[in-house]
Every structure is written in C-alpha cells, then in structure tokens.
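Asks: Let me give you the structure first, and then I'll get to my questions.
Taken together, the values in this text are just the output of simple stated rules run on the coordinates, not laboratory data. Note that this is a predicted model, so its numbers are computed, not measured. Cβ coordinates were reconstructed from backbone atoms using ideal geometry, including for glycine residues, and neighbour counts include every protein chain displayed.
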Amino acid sequence: MRSAFPPLDLHAHIDVTAPASQLRGLQGVIFAATRSLAESHAAAQRQDDHIIWGAGSHPGIASSHRSFDADAFRTLIAKTPYVGEAGLDGAAKVPMDTQLQTLRSILGVLADEPRILSLHSYRATDQVLDELSSRPVPGAVLHWWLGSAAATRRAVDLGCYFSVNAAMFRHSAMLRHVPVDRLLAETDHPYGDRTGPEPRQPGNVLPVEHALARLHGLEPEDMRRKLCRNLGQLLRATGSARLVSRRIRSYLIAS
C-alpha cells in the first residue's frame, strides 16, 4: 500500500545490540520496548532515526524488578516519549506484590512526567485497570489486551488506548468495544506476529491495518491516517511531542 503516512508500530522488541545498518531496512516508525533498566540504558545510547527506544521493566522478569530504581527510570525517560514495557503479569513467577511495587513506582513518576506507556496485562487485566484508576496517568496504551467486554469498556472510560497486533483478531469481538480513535497498531515482534504473513519483522503492521480497516468499514489508507492521528493525540496528551523527531511530527501534523 502506497501511503503519505508511515506505518506505526507501537510495540516491538528489537535487540539493543543490533547494528544500525541491520535496522535501517525496517519500515515505518517503530516503538521498541525494553525489558529492564539495563536494556533501557543501552537503548538510550542509540540514535536510530525511525526507532523510538523505550524505557521499561517487564513485569514477568524477576531481575528487572530487582534492578528497578525510580530515580534511574526518571533519568532514562528524559529523552524518550515512550515507556514500555511495564505492567502486570498474572502468569509470571514474580510475586504480584513485587510487580505492583514496580508498576506503582513507574506510575508515580509518570504522574509528574507523562509519557506514552505500553502496558502488559496478561491474566491481570482487572488489576492493571485498578492501578490506573488509583493512579491515573495520560498516555496509557494497553498492549495485546485480552480483557472482557466489560473490562474493555472500563478501560475506554479510563482514557486508555489499545495497541493491536495480528494475533488479537482471534478476539475481534472484544475489539468492537474499542472506539476507532483509541486504536494503534503493533507487531509485538517476535511474539505477536508469529502467525502473520511475511515479512515478520518490526514495523510490518500492514496486516493489522487492513484487519482494522475491515472491522470499521474503512479504506486501509484512511485507517492508517487515523492511527497517525491517534498517535498525535497521545503525544499531545502527554506533552511529549518534543521528544520525537521533526520528521515524525510532520507526519502527525499532516494526518
């Protein structure tokens, strides 16, 4: 699909040690989630024009909690508009109390310095919404959301956005409860695009865009424009547009 707008991938995993030359062939604007503050620090040293590296602490990784420090996290987000990934995981071996402590620290920092926040909520959808209800922050994006219809409506009421990958269309009934102006696309590479068409790589959200367009009765180009517009809304809501390149801002203004 030829388009005046780039594909936007709101959640992908990329090796922070990958050579820049290897990443230049990736298409679109990619938000790259990190799993620990050590990984986030390494990502912060990179200067990849079309990749926005996040600062994150994955809820399912015990070492990411042991090394988490709120002051270090605050320093890391000074130069990025993106926090990811963070959240809760009800299937992880990490005690939920430990996960809650880290998430609450992250939300506390973001209450003062909002960012786009990519939230993991596997088997913990209600708990994540409870935390957002207690500690509201602008910019919350529910990544690979699998909540019930009632939980989805609650998330919408809380102001959440939803980043959708190809694997989620097995649950497309839930997606009907998400307004089109709260949608974003993601690959969650290499996890959420395992069953998608080639090429399976960060940035290839074309299958998601087409599926969302069919769901909402839109042309794919119109869907992509809306996704760009939604990202622009998030950047304005969090006051973090200044942290993306002028080129990316130009796409969002045009949408």
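Asks: Give or take rounding to whole Å, what are the principal axis extents of the alpha carbon atoms in segment 1-137, in descending order?
Replies: On the principal axes, segment 1-137 reaches 44, 30, 30 Å in Cα extent.
Asks: Right, here's the next one. Mind listing which trypsin sites (Lys or Arg not before Pro) in segment 99-188 are in a DSSP loop and have 14 or fewer other Cβ atoms within 10 Å?
Replies: Working: sites: Arg104, Arg115, Arg123, Arg153, Arg154, Arg170, Arg176, Arg182; in loops: Arg115, Arg123, Arg176.
Those that pass, being in a loop and sparsely packed, are Arg123, Arg176.
Asks: Going from the alpha-carbon gyration tensor of segment 13-64, what semi-axes, largest first and in whole Å, does one get by taking the root of 5 times each eigenvalue?
Replies: 21, 10, 9
Asks: If you add up the charges near Pro95, with Lys and Arg at +1 and Asp and Glu at -1, over every other residue whose beta carbon is less than 15 angstrom from its beta carbon, what do you get?
Replies: Result for the local shell: +2.
Asks: Further question: For the pair Arg194 and Arg229, what calculated FRET efficiency results from E = 1/(1 + (r/R0)^6), where r is the Cβ-Cβ distance and R0 = 30 Å, to the nearest 0.05?
Replies: Values: r = 29 Å, r/R0 = 0.97.
Given R0 = 30 Å and the Cβ-Cβ separation, E is 0.55.
Asks: Students often get this wrong, so try it: which of (1) -0.34, -0.54, -1.06, -1.20; (2) -0.27, -0.42, -0.88, -1.03; (3) -0.33, -0.52, -0.97, -1.10 is log10 I(q)/I(0) by the Debye sum over Cα atoms at q = 0.08, 0.10, 0.14, 0.15 Å⁻¹ as calculated from the structure shown?
Replies: Read-out taken from this structure: (2).
Asks: Could I ask something else about it? Which one of Ser67, Leu132, Gly239 has its Cα pushed farthest toward the positive end of the charge dipole of the chain, where Lys and Arg give +1 and Asp and Glu give -1 at the Cβ?
Replies: Of the candidates, Gly239 comes out farthest on the positive side.
Asks: Among Cys160, Gly217, Val205, flag the residue with its Cα farthest along the positive direction of the charge dipole of segment 153-255, charges on Cβ as +1 for Lys/Arg and -1 for Asp/Glu.
Replies: Towards the positive end, the residue furthest out is Cys160.
Asks: Which one of Ile51, Ile61, Ile116 has the biggest mean-square fluctuation once the chain is modelled by GNM with Cα springs under 10 Å?
Replies: Looking only at Ile51, Ile61, Ile116, the biggest GNM fluctuation is shown by Ile61.
Asks: Quick one: dipole size for segment 65-158, taken about the Cα centre, charges +1 on Lys/Arg Cβ and -1 on Asp/Glu Cβ, in debye to the nearest 20. If you can, show how the numbers build up before the last one.
Replies: On the way: 10 positive and 11 negative charges, 30 e Å.
In total the dipole reaches around 140 debye.
Asks: Hey, got the dipole for segment 160-224? About the Cα centre, +1 on K and R Cβ, -1 on D and E Cβ, debye to the nearest 20? Don't skip to the answer; put the middle values down first.
Replies: On the way: 7 positive and 9 negative charges, 57 e Å.
Its charge dipole is roughly 280 debye.
Asks: Given the Cα-Cα distance of Ala38 and Asp130 and 0.36 nm per residue of separation, how much length would full extension add, in nm? Don't skip to the answer; put the middle values down first.
Replies: Details: separation 92, 0.36 × 92 = 33.12 nm, distance 2.83 nm.
That pair, Ala38 and Asp130, stretches by 30.3 nm at full extension.
Asks: So, one more: Can you run the Rg to Rh ratio on segment 57-187? Use alpha carbon positions and the Kirkwood inverse-distance Rh. Could the numbers behind the result be given before it?
Replies: Values: Rg = 14.1 Å, Rh = 14.8 Å.
That ratio is 0.95, to two decimals.
Asks: Work out the length of the dipole vector of segment 9-146 about its Cα centre, built from +1 on the beta-carbon of each Lys and Arg and -1 on the beta-carbon of each Asp and Glu, and round it to the nearest 20 debye. Each step should come with its number before you reach the end.
Replies: On the way: 11 positive and 15 negative charges, 29 e Å.
My answer is approximately 140 debye.
Asks: Would you please give the FRET efficiency between Ala150 and His50, computed as 1/(1 + (r/R0)^6) with r the Cβ-Cβ distance and R0 = 45 Å, to the nearest 0.05? Show your work: numbers first, answer last.
Replies: Values: r = 38 Å, r/R0 = 0.84.
Efficiency computed from Cβ-Cβ geometry: 0.75.
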